[in-house]
Structure formats: C-alpha cells, structure tokens
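Reviewing the structure listed below.
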Amino acid sequence: METSQPAAAHVLDTAIALAPDNAGGPGRYLGHTSPAYGNMVGPFGGTIAATLQNAILLHPDKLGDPLSLTVHYAAPIADGQFEVQARPLRTNRTTQHWMVELSQEGQVAAFATAVTAIRRDTWGATDASFPLAPPPSSVAQAPAHPRAAWTGRYEMRFIAGGMGPDQSDASGHPSETRLWIRDQPPRPLDFPALASICDAFFPRIFLRRASWTPASTVSLTTYFHVDAAQLAAQGDAPLLAVARGQHYGKGFFDQNAEIWSAGGVMLAASHQVVYFKE
C-alpha cells in the first residue's frame, strides 16, 4: 500500500523556523541561520526581520495581525544558532505592543519593536500611485547574484533599475528600482514572507554611485496595510515592488519601499536607514 509523503518545508519556512526553548519560558525560542539566505556578510536582513516577526506570531498571547515592525540590526549576526525572546509590553483592546530580541553568545545582535492589532472595517483610501509596470510574464527573470545567496531565493523581474550597480558608467544614476518579485520556489504570501520581501533590495547607494560600497542596514521599519485574510488572497502571485533612496551623507542614507499586489493594493511600505563607508 502506497503512503503519501509529507511535503517538504519551503526554504523560507526552514530559514525562519523557531523551536520553543522550554527552559526559557513563554516566548523563548531557538533558531538557526540558513545558508540559503546568506548575504555578502552574514545572513540576509530580510530573513532576520521575518524570524523576529515569526516569534510574535508563534506567541500564545498574540492579539490580532501585524501592523508595524521595526528591526534594529545592532551587531553582525554570525552563522549558526541564536536565541529569540518575544514578549508583549502592553496589550490594549485593539493593539498590542511587543519587544523581540535575537541574541548570540549572550549578547543582543538584533532586536525589534512591533505592534499587532485587531483591524476593523472602516473607510479607506490610498494616496500613493500604483507604479506603472508591464505584466510579469513579459519581463525576463534576472539570475541570482553570485555575491548574495539570498537572491536565488526570489524570482526577480526588473522593470527599472537593477539588482546591483552598473559599473560601466559611474556618473550617477537614479536610485529607483521597480520589479516583480515573489519567493522562489513560489510560496503563499504571509506576514513573515512580506516582511522579508520589504528588505529584498540592494542598498540604494549601489545604484546611485554605480559602485559596490560597503553598507549595512541599521534600522528597518515596515508598515503592514492588510490583514491575514487579505494576504492569504494573494496566494503566490508576483508582487510589484519599488524602492528608492532619499538622502545620502555623513556615513548614512535612507531608502523607502512599497509592495503592491498585481491588482493595485498596497500591501506594505517600509523605510530604512543604512550605514555606508567610503
């Protein structure tokens, strides 16, 4: 008699998996970095954000759906095991405020503050304009970048801007990138996956200066504009993502991003500040 085999976990689910640390009490988990999401130095910051988000989603006291997530990358994260502690700081009738810490060798390497909320049906509007874009099927898929393993975990179809700098012309370029993106292999969208996609852009200074400049994210804030049911309705369809820089100087710059459904719904917006050196 043949028996069905359980489906293998998606590579993202494996990367952000957390096991309860029973010795540490509620909200204490153990995780491990994934080579599939390696970056130029250490793990891809998007999966770190997704892991911290996942710790909240797994907590037995969670109220509502994610509303905002601010991740501070306090120190380099080494490949290997880490500990995560998630705890609600304050619970109100419709909002809940969180602190999540990721530690290695007894020291905090990244931490997040977050808000979850019970959403209500209210009036709504979007002032931002849906970006112009051809259908995903008409745009060629970009190959993974050899410097960053995590790029192989996304299907990227660039409409404007690119993955990295165009070193054939160092005169300066617009910092905007516009692309269709989804997990590779395709995976139904949820909050951890969306949090990760919000960081799936190389630092804008790479494009702006047309050079590989040492840079790393210091702080990343993501605002989620949909609830779990709306996210589930997206399935594994490609998302339209746009990122652009704003100001560069004194060793830091900021960049923002928008993530849209193919149907023109803004799913999330993010803003991050990035360190760079000459």
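I want the local charge near N54. Using Cβ-Cβ distances under 12 Å, sum +1 for each Lys or Arg and -1 for each Asp or Glu among the other residues.
Value of the local net charge: -1.
As a test of the definition: which semi-axes, in Å, follow for the chain when you take the square root of five times each eigenvalue of its alpha carbon gyration tensor? Largest first, please.
28, 23, 21
Given a Förster distance of 22 Å, report the FRET efficiency between M40 and V139 from their Cβ-Cβ distance, rounded to the nearest 0.05. Provide the component values of the computation, followed by the final result.
Values: r = 26 Å, r/R0 = 1.16.
After rounding to 0.05, the efficiency reads 0.30.
How much net charge surrounds L18 when only the other residues with a Cβ under 12 Å from the Cβ of L18 are counted, with Lys and Arg +1 and Asp and Glu -1?
Around L18, the surrounding residues sum to -2.
If you stretched the chain out fully between R93 and Y275, how much longer would it get, using 0.36 nm times the residue separation minus the C-alpha to C-alpha distance?
Here the answer is 61.7 nm.
Let me see the pair-distance distribution of the stretch 135-255: every alpha carbon pair, 5 Å bin width, integer percents in order.
Result, from short to long distances: 2, 10, 19, 22, 20, 14, 8, 3, 1, 0 percent.
What is the gain in length, in nm to one decimal, between Q107 and D61 on full extension, counting 0.36 nm per residue of separation less the C-alpha to C-alpha distance?
14.0 nm
About the Cα centre, and with charges only on the beta carbon of Lys, Arg (+1) and Asp, Glu (-1), how big is the dipole of the stretch 1-111? Nearest 20 debye, please.
440
Using the crude model of +1 on Lys and Arg Cβ and -1 on Asp and Glu Cβ, and no other charge, please compute the dipole size for the chain relative to its Cα centre, in debye to 20.
That gives a dipole near 500 debye.
Positive end of the charge dipole of the stretch 22-96 (Lys, Arg +1 and Asp, Glu -1 on Cβ, about the Cα centre): tell me which of G80, S68, G42 has its Cα farthest that way.
S68
Based on the inverse mean of 1/r over its pairs of different Cα atoms, what is the Kirkwood hydrodynamic radius of the stretch 1-83, in Å?
Kirkwood radius, the stretch 1-83: 14.4 Å.
Suppose every K and R has +1 on its Cβ and every D and E has -1 on its Cβ; what is the size of the dipole of the stretch 71-216 about the Cα centre, in Debye to the nearest 20?
320
Computed FRET efficiency, Cβ-Cβ of A75 and E176, R0 30 Å: what is it to the nearest 0.05?
On the way: r = 31 Å, r/R0 = 1.02.
For A75 and E176, the calculated efficiency is 0.45.
If only Cα atoms are counted, what is the Rg of the stretch 30-120, and what is its Dmax, in Å?
Considering the stretch 30-120 through its Cα atoms, Rg and Dmax are 13.5, 43 Å.
Summing +1 for each Lys or Arg and -1 for each Asp or Glu, what net charge is found among the other residues whose Cβ lies under 13 Å from the Cβ of Q81?
Values: positive: none; negative: D21, D79, E83, E105.
In short, -4.
Tell me which of L52, G235, L30 sits at the most positive position along the dipole axis of the chain, charges placed on C-beta atoms (Lys, Arg +1; Asp, Glu -1).
L52
For T217, T91, what ranking results if the residue with the fewest other Cβ atoms within 10 Å of its Cβ goes first?
T91, T217
Please name whichever of T113, G164, W150 sits farthest to the positive end of the charge dipole of the stretch 106-169, dipole taken about the Cα centre and charges placed at Cβ: Lys and Arg +1, Asp and Glu -1.
It is T113.
Output the relative contact order of the chain, whole-number percent, from Cα pairs under 8 angstrom with separation of 6+ residues.
With pairs under 8 Å counted, the relative contact order is 17 percent.
For the chain, what does the helix formula give at 222 nm: sum of -39500 (n - 2.57) over DSSP H segments with n ≥ 4, over the residue count, nearest 500 deg cm²/dmol?
So the calculated ellipticity at 222 nm is -3500 deg cm²/dmol.
Compute the normalised compactness of the stretch 216-257: alpha-carbon radius of gyration over 2.2 N^0.38 Å, N being the residue count. Write down the numbers at each step before the final one.
Working: Rg = 14.6 Å, N = 42, 2.2 N^0.38 = 9.1 Å.
Against the empirical 2.2 N^0.38 Å value, I get 1.61 for the stretch 216-257.
Quick note: the coordinates plus some simple rules give every number you see, no bench work behind them. These figures come from a predicted structure and were not determined experimentally. No Cβ is skipped: glycine too gets one built from the backbone with ideal geometry, and neighbour counts run over all protein chains shown.
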